[in-house]
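Everything on this sheet refers to the single structure shown next.
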Amino acid sequence: MPPKAPARPLQDARWEDVKGWGEDKLAEAHGALLASCGVLAKQPTWRAACEVARTLPAENAALRAFFETRFRPWRVVNPDESREGLVTGYYEPLLRGSRERSRSTPHAIYGVPDDLLVVDLGELYPELKNFRLRGRLDGRKVVPYWSRAELVQQEPSLAGKALLWVADPIELFFLQVQGSGRVDLPDGRRVRVGYADQNGHPYQSIGRWLVEKGELKLEQASMQGIQAWARANPKRVNELLNANPSFVFFREMPDNGGGPLGALGVPLTAGRSIAVDPRAIPLGAPVFLSTTQPASEQPMQRLVLAQDTGGAIKGAVRVDLFWGFGAEAGAQAGRMRQKGEMWVLLPNSTLPNNSSK
C-alpha cells in the first residue's frame, strides 16, 4: 500500500469553526492590517478588500463584518493532518554597545560579508519559490558558507564588517535569534539594527542542546533559563553557541518610531504580528490564532498578521508572536512555548493552490 500523501496545509473552514473569533478586540489589529494592505493591495486578488479596509474605522463590529463578508477562513493543518502546533514568541531586545571595540564591548554585530553568495532558486525553478541557496566560492566551485564555529574561530570573511560592538555574547546570540534590536551607545544615542542575511546553515536550538546534554530540564530551557546557565558557565559559552551553526548578519536601520521591519517590509505591531513559514502561510495575510498566554492555560485568541519569517519557523502550524520592545516584551517572549491552532483569512475570490476543500 503506498504511503499516504501529506495533508495540504490550508483546508476549507467555516467562521463558526474559528475558536474565539467573536470575542477578539479586532480594532487592536487594524493598524497591522493596513500595514499588510500596503503590500498586498498590489496583488489583484487583494486589491478590492484592501481598498475597503482603508475606509473602515478601527471598530470591532465594523471589522468583524468586513471579514465575515469579504473573507473566508482556511484551517491550517500539519502534513499528518493534526491541527495543533508550536507557538513561541520573539521581541526586539536592547543591548549595551559602542562603535569601537573595547574591553567592555568585545563582541561584534556584523554586516553582510562580501563573499556570501545568495542564489534565488525560484528564478530558475518556479516550484522552488522562497528557497535560497547560500554559499561561497572555492575556486570555481560553490561550497557551503562558513558555519558559526568557523566564523568565530577564523573570522575569514568578516574583517571590516563590524557594525557595532556589544558587551554580552549571549545577548548578541539572542539578538540574532530575534532578528532585530536596538543598541545604546555611550554618547546616549540609540541605534536600531535589523536582519540583513544569514549564512545558510539551519537553525539549531541551543535550548534543546542543553536538554540533550543533561544541563537543563525541558521546562528550564526558556530564554531566561539559557541565559542563567550561560552566566553560571562562562567557559562553555562558545561551545553552547556553536551548537547552532546558523549566523545572522545585520544592517543599520532608520528609527521609524514603530516596530522593526519584518520580512514583508512593514513595521511589526506588538501582539499582532507573527512570523510564519511562507511555504505554507501567505506572507501578509490575516491569521486568526488560538493559543494560550505564556506559561499559562489562559486562552489567547486574536487576529494577527503574517508579516515576518524566521530560521526556526518551519512547518504549517508554527507561529512566532512578536511581543514588542524591551525587557517586559522579552520576558513574555522568553516564556512562550504554547500549543495553538491557526486559520488563514483570504479574500472570497482566492482559492490557495495548496488548499483542500
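Here are the numbers for this structure:
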| read-out | value |
| --- | --- |
| Residue exposure sequence - Lys4, Lys339 - by fewest surrounding Cβ within 10 Å | Lys4, Lys339 |
| Quotient of Cα Rg and 2.2 N^0.38 Å for the range 94-253, N being how many residues it contains | 1.12 |
| Ranked list, fewest to most other Cβ atoms within 10 Å of each Cβ, for Ser246, Ser102, Ser180 | Ser102, Ser246, Ser180 |
| Length gained when the stretch Asp187-Lys217 is fully extended (0.36 nm per residue, less Cα-Cα span) | 6.6 nm |
| Cross-link partners of Lys314 among aspartates and glutamates (Cα-Cα below 20 Å; sequence separation of 8 or more within a chain) | Asp80, Glu81, Glu84, Asp120, Glu127, Asp197, Asp277, Glu341 |
| Reduced Cα scattering model of the range 181-267, Debye log10 I(q)/I(0), q = 0.26 Å⁻¹ | -1.14 |
| Greater than 32 Å apart at Cα, pairs in Lys141/Lys213; Lys25/Lys213; Lys4/Lys42; Lys213/Lys339; Lys141/Lys339 | Lys141/Lys213; Lys25/Lys213; Lys4/Lys42; Lys141/Lys339 |
| Most mobile listed residue (Leu210, Leu158, Leu56) in the chain, GNM with C-alpha springs under 10 Å | Leu56 |
| Centroid-to-centroid separation of the range 277-339 and the range 172-227 [C-alpha atoms, Å] | 17 |
| Listed residues Asp320, Asp308, Asp80, most fluctuating in the chain (Gaussian network, C-alpha, under 10 Å) | Asp80 |
| Calculated Cα Rg over 2.2 N^0.38 Å (choose from [x] 1.03; [y] 0.90; [z] 0.97), label | [x] |
| Folded to 0 to 90 degrees: helix 44-53 orientation relative to the chain principal axis, Cα | 80 |
| Descending principal axes extents, the range 219-268, alpha-carbon based, whole Å | 38, 23, 17 |
| Among 10-22, 326-338, the order from most to least packed when residues are scored by Cβ within 10 Å on average | 326-338, 10-22 |
| Residue order, fewest to most beta carbons within 10 Å, for Val52, Val237, Val77 | Val52, Val237, Val77 |
| FRET efficiency estimate (nearest 0.05) - Cβ-Cβ, Lys42 to Ala62, R0 41 angstrom | 0.95 |
| Helix axis angle, 223-232 relative to the chain longest principal axis, alpha carbon, degrees | 10 |
| About the Cα centre, charge dipole magnitude for the chain (Lys/Arg +1, Asp/Glu -1 at Cβ), debye | 260 |
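A short reminder: the numbers here are calculations on the coordinates, not readings from a lab. Remember, it's a predicted structure, so these values are computed and weren't measured experimentally. In this analysis, Cβ positions are derived from the backbone assuming ideal geometry, glycine residues included, and neighbour counts consider all displayed protein chains.
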